[in-house]
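Presented below is the structure to which this report refers.
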Amino acid sequence: MRIRLIKADDIHQVISIEHESFQHPYPADVVTFLYEKYGDTFLVAEQGGTVLGYIAGITSWKEGHIVSLAVLPSWRNKGIATELVEELCNVFRNHSKRRVKLEVRVNNRAAINLYGKLGFEKQRIVKNYYENGEDAVMMKKRL
């Protein structure tokens, strides 16, 4: 398995993973927009031409922002998400970002635990963050 920047040929696999992973996935046009606008902070984990997972990030003046992270269900719990987060943090460092933030559903214990193990700290609850009114936990990490 290797982690690399996303390519146009990967978009359909990323969209498929997005749909397998989330009850309310990003529409294809949002994934395409992220690729076109933030392709230098959008990574995939790939093996033999198959995308196993991805992480999409965006940058602002001082920080990186993890927008989405997902791994194929059959490839979860194998360290892929950890490697993707760590590599994107390296990319953000190379872009001179001082910290990285993300939002995660308050009931997504697995993701909160993963990010906590990677040095992210809970900052606050963001009320009604998701389209269904669910709250999010904002987490940040210094780079």
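Distant-in-sequence amide contacts of R99, defined by a placed amide H-H separation under 5 Å and a gap of 5 or more residues or a different chain, comprise G64, L143. Of all lysines in the structure, those lying under 18 Å Cα to Cα from K7, and not within fewer than 8 positions of it along the same chain, are K37. Taking all protein chains in place and a 1.4 Å probe, what share, in percent, of the accessible surface of the range 12-143 do carbon and sulfur account for? Exposed carbon and sulfur together represent 47 percent of the surface.
Evaluating 6.51 cos²θ - 1.76 cosθ + 1.60 at θ = phi - 60° for every residue in the range 92-98, the Karplus couplings come out as 4, 4, 5, 8, 6, 7, 8 Hz, glycine and proline recorded as x. Considering only beta bridges that DSSP places wholly inside the chain, some 90 percent are antiparallel. For the chain, the solvent-accessible area works out to 55 Å² per residue, with a probe of 1.4 Å and every protein chain left in place. Given 0.36 nm per residue, what is the gain on full extension from E121 to A28 after removing their alpha carbon distance, in nm? In short, 30.4 nm is gained.
Counting only DSSP H runs of at least 4 residues, each contributing -39500 (n - 2.57), and dividing by the residue count of the chain, the helix-based mean residue ellipticity at 222 nm comes to -10000 deg cm²/dmol. 3J(HN,Hα) couplings calculated from phi for the range 47-52 with the Karplus curve 6.51 cos²θ - 1.76 cosθ + 1.60 (θ = phi - 60°) are, in sequence order, 9, x, x, 9, 7, 8 Hz; Gly and Pro show x. The relative contact order of the chain comes to 19 percent, based on Cα pairs under 8 Å that sit 6 or more residues apart.
The values are calculated or read from the model by the stated rules, or taken from the named source; none is laboratory data. Keep in mind that this is a model prediction, so the values were computed, not measured. Areas reflect the complete protein model, heavy atoms only, side chains present, ligands, DNA and RNA absent. Shrake-Rupley method; radii C 1.70, N 1.55, O 1.52, S 1.80 Å.
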